[in-house]
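Novice: Questions regarding the structure given below will be posed in turn.
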C-alpha cells in the first residue's frame, strides 16, 4: 500500500496532508525518516508519524460534528489550541474532511476513511455548502443580488451563489448563503467585497447533509444512508 494511503487508512490525516507530513520529515519507516513519497508499505514495516507507530484502522467510522468557534480544524495544533478531533467521544483516531475556520462554526465531517476523504476533497466534487451569516450593516436587495451573481474576492470571481436575506437587525443582517466552490475563507471574502464584513458564520448544510438540531460541540454518527450518499456523489 502506498505510504500516503497507509497513513490515511490509519486515521491520521488525509492523503494530501500525509504527503505534506512526509515532506516535513515527520514520517519514519523502520526507524528511518522517509524521503520517498511513493514508498509502498510492506508486511513487517513499522511506520511512525510524529514518533507514534500507526496501523490502518479496521473499523471505518463517520461523524458529523457541529463545530464550535475556537477550535482548529486539524488533528493537532502547534500553538496548543483545541482541535476538532477532541470533540469525538469514541477512542478512535479520525481526521476532518475539509476545514472550517477557527472562528467559523457548523457542519464538519470527521472520519478515518482515507479513500472517502480523498474522493470528497478532489476538485471535481463541489458540494453545495450552505452558511448562515450575520454581517455588519444593512444589506440591500441590490447588494444581495450582486453577491448572488458573483463577486471578485481578489483575483478570483466567484460563481453564482444562492443568497437569501433572512432578517435585518439594528446594525446587522442575517443571510443564508449557498456556494458551490471551496476557496479559502470564501464567504467571508464575498461579504467583505460588498462592504459587509462577517460578524458570525455557521455552516448549516453540506450537500444533502444538515446540522438539524445537533447542539454546538456535539457530534453524531452518520447513518448508513448518509455514508452511502457521500460515497456516490
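The values are calculated or read from the model by the stated rules, or taken from the named source; none is laboratory data. As the structure is a prediction and not an experimental result, all values here were calculated from the model. As a convention, Cβ positions derive from the backbone with ideal geometry for all residues, glycine included, and neighbour counts pool all protein chains shown.
Novice: What residue, of 79, 86, 115, is modelled with pLDDT of 90 or more, closer than 27 Å to residue 186 by Cβ and assigned to a helix (DSSP H, G or I)? Walk me through how you get there before you give the answer.
Specialist: Values: 79 fails: assigned to a helix (DSSP H, G or I); 115 fails: modelled with pLDDT of 90 or more.
Criteria check complete, one pass: 86.
Novice: A further question follows. Answer yes or no as to whether residue 187 is closer than 22 Å to residue 68 by Cα, in contact (Cβ under 8 Å) with a residue 40 or more places away in the chain and outside any strand (DSSP E or B).
Specialist: yes
Novice: From the list 159, 140, pick out the single residue that is within 24 Å of the chain's Cα centre (by Cα), exposed (fewer than 15 other Cβ atoms within 10 Å of the Cβ) and not assigned by TED's automatic domain parsing to the domain that holds residue 17.
Specialist: Exactly one of 159, 140 is within 24 Å of the chain's Cα centre (by Cα), exposed (fewer than 15 other Cβ atoms within 10 Å of the Cβ) and not assigned by TED's automatic domain parsing to the domain that holds residue 17, namely 159.
Novice: For segment 140-161, name all the residues that are touching a residue at least 24 places away in the same chain (Cβ under 8 Å) and touching a helix residue (DSSP H, G or I) at 6+ places or on another chain (Cβ under 8 Å).
Specialist: Result: 147, 151, 152, 153, 154, 158, 161.
Novice: I've got another one for you. Would you say residue 58 is touching a strand residue (DSSP E or B) at 6+ places or on another chain (Cβ under 7 Å) and more than 19 Å from residue 226 (Cβ to Cβ)? Give the steps one after another, and end with the answer.
Specialist: On the way: touching a strand residue (DSSP E or B) at 6+ places or on another chain (Cβ under 7 Å): no; more than 19 Å from residue 226 (Cβ to Cβ): yes.
Considered against the rule, which asks whether it is touching a strand residue (DSSP E or B) at 6+ places or on another chain (Cβ under 7 Å) and more than 19 Å from residue 226 (Cβ to Cβ), residue 58 comes out as no.
Novice: Separate question: Anything in segment 162-174 that is free of Cβ contacts under 8 Å to residues at least 40 places away in the same chain, under 17 Å from residue 200 (Cβ atoms) and not in a loop (DSSP other than H, G, I, E, B)? List them, or say none.
Specialist: Answer for segment 162-174, where residues must be free of Cβ contacts under 8 Å to residues at least 40 places away in the same chain, under 17 Å from residue 200 (Cβ atoms) and not in a loop (DSSP other than H, G, I, E, B): 163, 164, 165, 166, 167, 168, 172, 173.
Novice: Do we find a residue being outside any strand (DSSP E or B), closer than 26 Å to residue 189 by Cβ and touching a residue at least 60 places away in the same chain (Cβ under 8 Å) anywhere in segment 90-98?
Specialist: yes
Novice: Is it the case that segment 58-72 has a residue that's surrounded by fewer than 17 Cβ atoms within 10 Å (Cβ to Cβ), at pLDDT below 90 and over 22 Å from the mean Cα position of the chain (by Cα)?
Specialist: Looking through segment 58-72, at least one residue is surrounded by fewer than 17 Cβ atoms within 10 Å (Cβ to Cβ), at pLDDT below 90 and over 22 Å from the mean Cα position of the chain (by Cα).
Novice: List pairs: first in segment 15-44 and over 20 Å from residue 75 (Cβ atoms), second exposed (fewer than 11 other Cβ atoms within 10 Å of the Cβ) and modelled with pLDDT of 90 or more, Cβ under 7 Å, 6+ apart or cross-chain?
Specialist: Matching pairs, first to second residue: 33/25.
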